[in-house]
Amino acid sequence: MKLTFLVLLSCLFAVSFACNLQSNKDIDGHDLSNQPGQVNDCCGICQSTSGCKAFSWTSYNGGTCWLKSSTGPIKDGGDVTLGTLGGDGGGGYSLRKTYEGNNFFDGFYFWNYNDPTHGCVRYVDKGTAQSMGLIGVENGKV
């Protein structure tokens, strides 16, 4: 049985998203890549690029889409148009990752270093969490 997060489970299809545009704004760094195009092309290019969450468009070389791996921090950007992927209002999501019962916890990051909260919580590694019954899989179910 494949397990997915509840939010993604209800929407197993890809939906086209609109992009939210802001004039004279930019995201410094976080560049994945760049591609030639006009500002209206950048949204589709970003949607079809793995890891793209936003883009900046400039008139460089006749028009360039700078694909971004982050949506911030946003700064004043002069003659730049910032675009972020946004929903179409229909609650559309696309399934990006699924987990089988036995690998469900492989996507988690287990912190096992000194407590940065000075005793407010106890961090454990994956093995300890399993042995203490904090996480587990039984018959392919989490």
Next item on the list: Mind sorting Tyr123, Tyr60, Tyr113 by how few other Cβ atoms lie within 10 Å of their own Cβ, fewest first?
Entry: Tyr113, Tyr60, Tyr123
Item checked: Segment Leu85-Gln130, length gained on full extension (0.36 nm per residue, minus Cα span) -> 12.5 nm
Notebook entry, point to check: Excluding same-chain residues fewer than 8 positions from Lys141, which aspartates and glutamates have a Cα within less than 20 Å of its Cα?
Noted result: Glu100, Asp106
Checklist line | Sorted by Cβ density within 10 Å, fewest first, the residues Phe104, Phe110 | finding: Phe110, Phe104
Next item on the list: State, as an integer percentage, the relative contact order of region 17-86 based on alpha-carbon contacts under 8 Å between residues 6 or more apart.
Entry: 49
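To the nearest 0.05, how large is the calculated FRET efficiency for Val137 and Ser70 if R₀ is 25 Å and r is the Cβ-Cβ distance?
Efficiency for this residue pair is about 0.15.
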Note to self: If R₀ is 30 angstrom, what is the calculated FRET efficiency for the pair Asn102 and Gln35, using the beta carbon separation as r and rounding to 0.05?
What the structure shows: 0.15
Next item on the list: List every residue whose amide H lies under 5 Å from the amide H of Lys25, counting only residues 5 or more places away in sequence or on a different chain, with H placed 1.01 Å from N in the peptide plane.
Entry: Gly77, Val80, Leu82
Margin query: For a quick check: sort His118, His30 by the number of other beta carbons within 10 angstrom, fewest at the front.
Written below: His118, His30
Next item on the list: Please give the contour-minus-distance gain from Asn20 to Arg122: 0.36 nm per residue of separation, less the Cα-Cα distance, rounded to one decimal in nm.
Entry: 32.7 nm
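Only the coordinates and a few stated rules stand behind these numbers; no lab work does. Fair warning: this is a prediction, and the values are worked out from it, not measured in the lab. Cβ: placed from backbone, ideal geometry, glycine included. Neighbour counts: every protein chain shown.
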